[in-house]
Amino acid sequence: MIGLVIGATGVALASPGIGVGLDLEENIGLEWLFSLRGSIEPPKGVVVVNASLEAAGRLRAVAGAADRWPCLANLDHYGRDSWPRCLQAALISTLARRGAAAIAFDVHFEDDADWDADLAAAMTSAGNVAMTRTYTMVDGEPTPGRLAERLASAVRGIGPWLLPKDPSRRVDRYWTFNPELGNAPTLPVVALQVCALPVLPKFFALLGRARPDRFANLPEIDPRTLIGERMFRLMADIRAAIKETPGAADHILSALRSDPNRTDSADWRCLLALIKTYGARAGYLANFYGPFGTIPTIEGDALLRQELSNATAGPEINFADSVIFVGVSGPSSAGQRDAHFTVYSRPDGVDLTGVEIAATAFANLLSDRPLRQLPNAVVFLGLLGFGFAVGATAYLQPGLRGVIVALALAVAYFAFAQYRFNAGAVWMFVFIPMVIQLPLALLSGSVLQFVDARREREYIRRAMRFYVPESVANTAAKSGSISQSADTVYGVCLTTDAERFTTVSQHLPPPKLAALLNRYYDLLSEPVERRGGEISSFVADRMMCVWSGAEFDRQLRLNACIAALEIQRAAEDFNRQLGRDALPTRIGINAGWLALANIGGGGHYAYSLVGDVPNGAERIEGLNKILGTRLLAAAEVVNDLSELVLRRVGSFIPRGMLTPLTIVEIMGFHDATSDGLDALRGAYETALAAFEEGRWETARNGFAAVLEAWPHDGPARFFLGIATQYATSPPSHEAACIIRVETK
C-alpha cells in the first residue's frame, strides 16, 4: 500500500491535469540531465553565420569594402534586418558558390528596401534560400505578414518562427508544424525541404503512389517551380496527406532507402529527415548540444573579407553539403537582442540566439535525434513502478538497510535515465522520483517502521504481561533484554493456595482442569490488579502477588489486605457454583524488604521475588491449614490498619524459619455487621492472653468457651488441644506459648 500510494503520488504530479510535476521536470529535472551530460558535438553539415551589425561594422572598416558594397555607407540606417540587403545578397552568393546545400535566413524581410533587386537576384541565382516570416491567425486561417514583393517571387521557401509563444517559459520545445498557424511548416522544416530539392521528384512519385487521390499529378511538378508561397502550401498539404494515411511515411522511407541511386549526400539526408518529420508529431523537445557557440559559428564579415582578398583573409571555407543558418548571433550582439533563455544559458547572461535554436532544431531533425518524450502511459508506469519499489523497500527492509537499498534503487533509476538521455536522447522524469517520491518513501518507511515497532513492542509487552509483572514487561519491551540485577524494594507479598487441588486434578481431564484454573485465576487476579498489585507467578494451584514501593508504605499494605478480602469473597462465590470441583482458597500475607529479580540462566529466566518475605508469606498461608482459617497475615502487615477487623491468632515459628511470627487473622471490615466478629475476637484474645501467660487451665477453659459459642472456630480448636495438653503435662521450656510448626 505504501509503494502504491507513493507511486500514485508521482503519477498524479506528472499528469497533465495538474501540471506541477511537468513544470518541475522541465525546469529542474531536464536541466539536471543536460548538465550531467554536458556539451556534445552537433551533427556535421549545420553551420551558423553571424550577420550582426557588429560584423557589418567590422567589414566597413576593411579597405575597399565600402567601394565593393556601397550599402555599407548607410549602415546606421539598418537595424531589424541586421545587415543591409546588398551585404545579404553578397553573403548568399558567397555561400552558394562555396556549395551550401541550403541557406536559411532567421531574418525578417517584410518591407521593401534599397537593394531588394540585388537580394532577389542572389536568391534566384542560388535557388536554395529559405527565410522566416511572421504569420497571424485571421478567421482561423494563418495569414502571412507582408513580404517585399521582389523577394516573395525569388525566395525558395518561407516558414514561420518555430518557438511557441510563451515568453514566460524557458525555451525547451519547438514546432515543426505550428498548430497555432494551421500546421504551417516552420523554418527548420522548410530548410529540409529546400535542401532536398534535387531529389524531390523521386519523393513526389512515391507520394503520388501512396495518395493518388490527392497527389496524382505530383510527379509532373518541376521542383524549380516551387517558389515561396506555392511550396509553403504544398508542404502543408503533404503533411496532412501523410498524417491521414497510416504507414505512408514508413512506406516512403523504405522505398527511398532501398533506392539504388541513393547516396549519403546532403540532399538525400535532408529528404529522409523530411519524410520522418512529415509523419511525426508537430512539436519536439529541443535536444540542445551545448551553450552558445557549440554549433559551428562563422562571422559573416570574415566570409566577405575573403571575397575582397583571399590572400589576406585566410583559406576559403568550403560549405559543400552544409545547411547554413544566417542570423544575429554572438554574445555581444546588441545585448543579444534575439536571445532566449535555455538550459544552457550562461551565468554571465549569454543565451542561445534565435538562429542557433533554429539550427539546433534543424540538426535534431536531420540526425533524427530530437529529445524524445516517452508516452504518458510509459511515464506513469515508470513513476508508479519506481514509487512502489522505493516505498515497499523503505518499509520492508529494516532501518538503515532499507534506506541504503532505497537509495541504491534511486541511483540505479537516475543512472538509467541519464544513460537513456545521453545515448538515445530519451527524456525520463527524474525530479519527481528523486525529490518527491524518494524522500516520501524514506519518510513513510521510517515513520511506519517506527509505528510498527511500537505496535510490536506493545504486543510483546501485552504478551509478557500474561507471564510477568507489568513493570518487567515494560522494561523488556523497551530495551529488548532483561536485567540480571536485583532491585531491593519494600514489598507486601500475598500468596494463595487452592485446597483440594490434588483431589480435583485426579478426576478432571487436563484440558478441563486447565480451563477451570484459568477461570479461577481470572477471578483472583482482578482484585490484585485493581488494587495496584502485580502477579509475580502462577505455580499449579498457587498464586504469588506483590505490592512494591521505595519505602515502608501503609497504603501498600492496606491495598494488599483489601485485595485479599476481595479474593476471599470472589473465591467463595466461584466455589458455590462448582460443587465437588470447588477450590477453597487460603491466603497468606507478609511484608518487608525483598528483591525483585530475573532468576535463571542459559537464556531462560523467571521473574521471582527473592528474600525472606515471599517465603514467609507462603509459610503464613500454610498456617491456615492447621488453624482452620482462610486469611492470615504477619502482624507487621496490619498493626496500624484500623479499617480492618483483626484477630491476633498467636505466635508461631513456621517450618524452616528461625524467628517467631505474630500471626493475625483478617476477619473483615469494620461495619454494621462486624459486631459478632468483635465478640469472637474479644473472647478468643482473652483466652490467648491466658495461654501466653502460662495459665494453661484458664486458657483451656477460655478456648472451650469460644468453641461453645462458635463451634467452627479453627484457632480456638487448635489452641484448645495444646492448652489441654499443657494443663495435664506442663511444658518445661519458657517459650511454650510460641508454637513451632513442623509441617508445611
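The values are calculated or read from the model by the stated rules, or taken from the named source; none is laboratory data. Because the structure is predicted, anything quoted here is derived from the model rather than measured. Don't worry about glycine lacking a Cβ; one is built from the backbone with ideal geometry, like all the others, and counts go over all protein chains shown.
Details
- Residue tally, condition among the β-branched types (Val, Ile, Thr) and assigned to a loop (DSSP other than H, G, I, E, B), over the range 357-375: 0
- Test: residue in the range 14-33 that is within 25 Å of ASP338 (Cα to Cα), in a helix (DSSP H, G or I) and of a type in the set (Phe, Trp, Tyr): no
- Within the range 190-248, the residues that satisfy the criterion of being at pLDDT below 80 and of a type in the set (Asp, Glu) are ASP213, GLU220, ASP222, GLU229.
- The criterion of being crowded, with 22+ Cβ neighbours inside 10 Å, closer than 26 Å to GLY279 by Cβ and in the same structural domain as ALA359 (by TED's automatic domain parsing) holds for PRO185.
- Of all residues in the range 153-168, those that are in contact (Cβ under 8 Å) with a residue 40 or more places away in the chain and surrounded by fewer than 19 Cβ atoms within 10 Å (Cβ to Cβ) total 2.
- Criterion: out of contact with any Gly (no Cβ under 8 Å at 6 or more places or on another chain) and either of a type outside the set (A, V, I, L, M, F, W, C) or under 18 Å from ILE620 (Cα atoms) (or both) - qualifying residue of ASN575, ASN559: ASN575
- Restricting attention to the range 1-27, the residues being touching a residue at least 24 places away in the same chain (Cβ under 8 Å) and either exposed (fewer than 14 other Cβ atoms within 10 Å of the Cβ) or among the charged types (D, E, K, R) (or both) number 4.
- Selection status of LEU661, in contact with a helix residue (DSSP H, G or I) (Cβ under 6 Å, 6 or more places away or on another chain), at pLDDT 90 or above and under 22 Å from ARG586 (Cβ atoms): no
- Verdict on SER525 being closer than 30 Å to ARG457 by Cα, buried (at least 16 other Cβ atoms within 10 Å of the Cβ), of a type outside the set (Phe, Trp, Tyr) and touching a residue at least 24 places away in the same chain (Cβ under 8 Å): no
- Of all residues in the range 170-211 being touching a residue at least 12 places away in the same chain (Cβ under 8 Å) and of a type in the set (Lys, Arg), the one that is farthest from VAL107 (Cα to Cα): ARG211
- Those residues of the range 377-407 which are under 30 Å from VAL189 (Cβ atoms) and either at pLDDT below 90 or surrounded by 22 or more Cβ atoms within 10 Å (Cβ to Cβ) (or both), in sequence order: VAL379
- Against the list (1) within 21 Å of ASP612 (Cβ to Cβ); (2) touching a Gly at 6+ places or on another chain (Cβ under 9 Å); (3) among the hydrophobic types (A, V, I, L, M, F, W, C), the condition PHE718 fails is (1).
- Selection of the range 549-567 for residues being closer than 16 Å to PRO527 by Cα and among the small types (Gly, Ala, Ser) yields ALA560, ALA563, ALA564.
- Counted residues, the range 580-611 - those being farther than 19 Å from PHE538 by Cβ and either outside the structural domain of ALA540 (by TED's automatic domain parsing) or at pLDDT below 75 (or both): 3
- Residue in the range 417-439 that is over 30 Å from ILE40 (Cβ atoms), of a type in the set (A, V, I, L, M, F, W, C) and at pLDDT 85 or above present: no
- Those residues of the range 418-439 which are touching a Leu at 6+ places or on another chain (Cβ under 9 Å) and either buried (at least 22 other Cβ atoms within 10 Å of the Cβ) or under 28 Å from GLN449 (Cβ atoms) (or both), in sequence order: PHE421, TRP427, MET428, PHE429, VAL430, PHE431, ILE432, PRO433, VAL435, ILE436, GLN437, LEU438
- Residue list for the range 188-199, filter: touching an Asp or Glu at 6+ places or on another chain (Cβ under 9 Å) and buried (at least 18 other Cβ atoms within 10 Å of the Cβ): CYS195, ALA196, LEU197, VAL199
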